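Colleague: I am attaching a structure below and will ask some questions about it afterwards.
The values are calculated or read from the model by the stated rules, or taken from the named source; none is laboratory data. This is a predicted model, so every value here is computed, not measured. Note that we place each Cβ from the backbone using ideal geometry, even for glycine, and neighbour counts take in every protein chain shown. Each accessible area value is taken on the protein alone, full model and side chains, heavy atoms only, with ligands, DNA and RNA left out. Shrake-Rupley method; radii C 1.70, N 1.55, O 1.52, S 1.80 Å.
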Amino acid sequence: MNRRRPVLSAAASVLVAALSVTACGSDTASRDSGSPSSAVAQDNTKLFREIYTELVNTDTSHSTGSTTVAANAVKKRLLDAGFADSDVQIFEPADRKGNLVLRFTGSGQRKPMLLMGHLDVVEAKREDGWSTDPYKLTEQDGYYVARGTADDKAMVAALVSGLIQLKREGFRPNRDLVLALTADEEAGDHNGAQWLMANKFDLVNAEYGLNEGGDSLLVDGKPALQSVQVAEKTYGIYTVEVKAKGGHSSVPTPENAIYTLSNALNRIVGLRFPASVSDATRDFFAQLASKRSGPEADDMRAVAAGNPGPEVLDRLSAVPEYNAQLRSTCVATMLKAGEAENALPQTARATVNCRILPQDDPDDIDRRFRAALGDVTGVNIARELNPAGGISPVTGDVMGAVTALTKEMFPTAAVSTMMSTGATDSSYARSKGIPMYGISGLFMEQSDAERMHGVNERVPISWLDTSREFIYRLIKQLSQ
């Protein structure tokens, strides 16, 4: 997930902690349930690990890596498994920014299903505190450590190996299965998902799709929460800029670009947008309230019921993670000003990052934003939006299949929908009318989930193969 990645909220953490109290059953039994024969299972696991290792060991960062190299490696795996060369295409709209699309042809009884994953990873430097080479898969204390071990090469390897397994089984899906592995989700100017939706839409159009974006969390080693991302916030960027004449710092003047910009930014501190609650957010708070007690649980139930009063919203909004679920937000994130230490600034510029609820009108947010800064003279404002594409239906095939499969494989885990406060590549598909569902199946502790995009990203080895099995079964169940 990119720099706009949805982060697991404290609300989810509270839910997970509560679920751990009632977690029961054998993890080993649930993982073994319904498994294929031992020899076949070992072969599938071996293939998955080989693909996973190859991908993680391939540098696909924006600055020094190449998703084209990774895409070609995946293509070879697919061709070796029996897919025709005409089934697999690689598109490289820019140097080193390759994207792969596979079409696994089915019977055509239903519209295709899109399976998305991104090949690129967040930048990583050993000198930033990594205990290992960040671009080499390393086993350490029961974990695989490297950049991309979780985000997103585990899911990519699961998708690729799962489709190869289905091909080997002679399985004929009742729909075409379209695999899209893309570039520049994390950084860069050549986002593969956006490019495919704009230039090859007929190739990737689908009834619905699966992607990253959900969270599968362990508490005390037991599966506690399987969340499915059905919505995310629109990603908005405002550039707030002030120009001035400048001059020598030894002769200050009343006109100062930095002071003017500071006055404008102070208005943003107090900017609070109206609360708005979607079905996904109501479901989230309903699940959370069932595991809580006291006044906070009552407040959550009021939100879940769709009729929270101002006092309820004020109390919940005091928690930043809840506030981000309840309303659109804008916050200053970058600042650049001045040309020299002995010169009056000629330019002062701030970047303000807004995350807009899918049900909110970005133009209304824009009006409120500009009105808040309206009487600060000399401020120029520019806006750039990445629409999130609304909310995927919370009923239907995908949620039913995820719920049933989670109950079968991970009986201690609750299932809920969620809205990401950040963004994934699902936004580009949703904006083209394709409902998307973010699902992981790779269970890990909250502390490990927080390592994604940070130092020493890692995944628990004991749950890696199970996640592959979950993805494989989910694809098969939705296409038969």
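So that you can scan it fast, the table gives a plain yes or no per residue for (1) more than 23 Å from residue 233 (Cβ to Cβ); (2) of a type in the set (Lys, Arg); (3) modelled with pLDDT under 95:
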| position | (1), (2), (3) |
| --- | --- |
| 350 | no, no, no |
| 367 | no, yes, no |
| 375 | yes, no, yes |
| 386 | no, no, yes |
| 407 | yes, yes, no |
| 425 | no, no, no |
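Colleague: Ok, one more. Can you name the residue in the range 401-419 that is open to solvent by 10 Å² or more (accessible area, probe 1.4 Å) and among the hydroxyl-bearing types (Ser, Thr, Tyr) and, of all such residues, is nearest to residue 189 (Cα to Cα)? Lay out the reasoning, then the answer.
Modeller: Within the range 401-419, the first condition is being open to solvent by 10 Å² or more (accessible area, probe 1.4 Å), and the residues that meet it are 403-404, 407-408, 411-415, 418.
Checking the rest, the ones that are also among the hydroxyl-bearing types (Ser, Thr, Tyr) come to 403, 412.
On the way: 403: 37, 412: 42 Å.
Across the range 401-419, the extreme among qualifying residues is 403.
Colleague: A follow-up question, please. Could you grab me the full set of residues in the range 72-104 that are open to solvent by 20 Å² or more (accessible area, probe 1.4 Å), in contact (Cβ under 8 Å) with a residue 24 or more places away in the chain and more than 28 Å from the chain's Cα centre (by Cα)?
Modeller: Correct list: 81, 82.
Colleague: I need the full set of residues from the range 133-169 which are more than 21 Å from residue 71 (Cβ to Cβ) and either of a type in the set (D, E, K, R) or open to solvent by 10 Å² or more (accessible area, probe 1.4 Å) (or both), in order please.
Modeller: 133, 138, 139, 140, 141, 142, 143, 144, 168, 169
Colleague: Tally time: how many residues in the range 429-438 are in contact with a helix residue (DSSP H, G or I) (Cβ under 7 Å, 6 or more places away or on another chain) and open to solvent by 30 Å² or more (accessible area, probe 1.4 Å)? Give the derivation first.
Modeller: Here is the first cut: in the range 429-438, the ones in contact with a helix residue (DSSP H, G or I) (Cβ under 7 Å, 6 or more places away or on another chain) are 429, 432, 436-438.
Filter again for open to solvent by 30 Å² or more (accessible area, probe 1.4 Å), leaving 432.
Selection size over the range 429-438: 1.
This table checks each residue for (1) assigned to a loop (DSSP other than H, G, I, E, B); (2) in contact (Cβ under 8 Å) with a residue 60 or more places away in the chain; (3) open to solvent by less than 50 Å² (accessible area, probe 1.4 Å).
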site: 245; (1), (2), (3): yes, yes, no
site: 250; (1), (2), (3): yes, yes, no
site: 253; (1), (2), (3): yes, yes, no
site: 265; (1), (2), (3): no, yes, yes
site: 273; (1), (2), (3): yes, yes, yes
site: 280; (1), (2), (3): no, yes, yes
site: 285; (1), (2), (3): no, yes, yes
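Colleague: Among (1) open to solvent by 40 Å² or more (accessible area, probe 1.4 Å); (2) not in a strand (DSSP E or B), where does residue 349 come up short?
Modeller: All conditions pass for residue 349, except number (2).
Colleague: Residue 318: surrounded by fewer than 16 Cβ atoms within 10 Å (Cβ to Cβ) and farther than 21 Å from residue 437 by Cα, yes or no?
Modeller: Numbers: surrounded by fewer than 16 Cβ atoms within 10 Å (Cβ to Cβ): yes; farther than 21 Å from residue 437 by Cα: yes.
Judged against the criteria, residue 318 is a match.
Colleague: Kindly establish whether residue 311 is loosely packed, with under 13 Cβ neighbours inside 10 Å, modelled with pLDDT of 95 or more and under 30 Å from residue 247 (Cβ atoms).
Modeller: On the way: loosely packed, with under 13 Cβ neighbours inside 10 Å: yes; modelled with pLDDT of 95 or more: yes; under 30 Å from residue 247 (Cβ atoms): no.
So residue 311 does not fit the description; no.
Colleague: Given the criteria within 20 Å of the chain's Cα centre (by Cα), in contact (Cβ under 8 Å) with a residue 24 or more places away in the chain and open to solvent by less than 10 Å² (accessible area, probe 1.4 Å), does residue 449 qualify? Step through it out loud before you land on a result.
Modeller: On the way: within 20 Å of the chain's Cα centre (by Cα): yes; in contact (Cβ under 8 Å) with a residue 24 or more places away in the chain: yes; open to solvent by less than 10 Å² (accessible area, probe 1.4 Å): no.
No, not satisfied.
Colleague: Moving on. From the list 441, 422, 454, exactly one residue is within 16 Å of the chain's Cα centre (by Cα), open to solvent by less than 20 Å² (accessible area, probe 1.4 Å) and at negative phi. Which is it? I'd like the intermediate steps shown before the answer.
Modeller: Details: 441 fails: at negative phi; 454 fails: open to solvent by less than 20 Å² (accessible area, probe 1.4 Å).
The match here is 422.
Colleague: Limited to the range 353-386, what total is found for residues that are surrounded by fewer than 13 Cβ atoms within 10 Å (Cβ to Cβ), among the acidic types (Asp, Glu) and part of a helix (DSSP H, G or I)?
Modeller: Here the count works out to 1.
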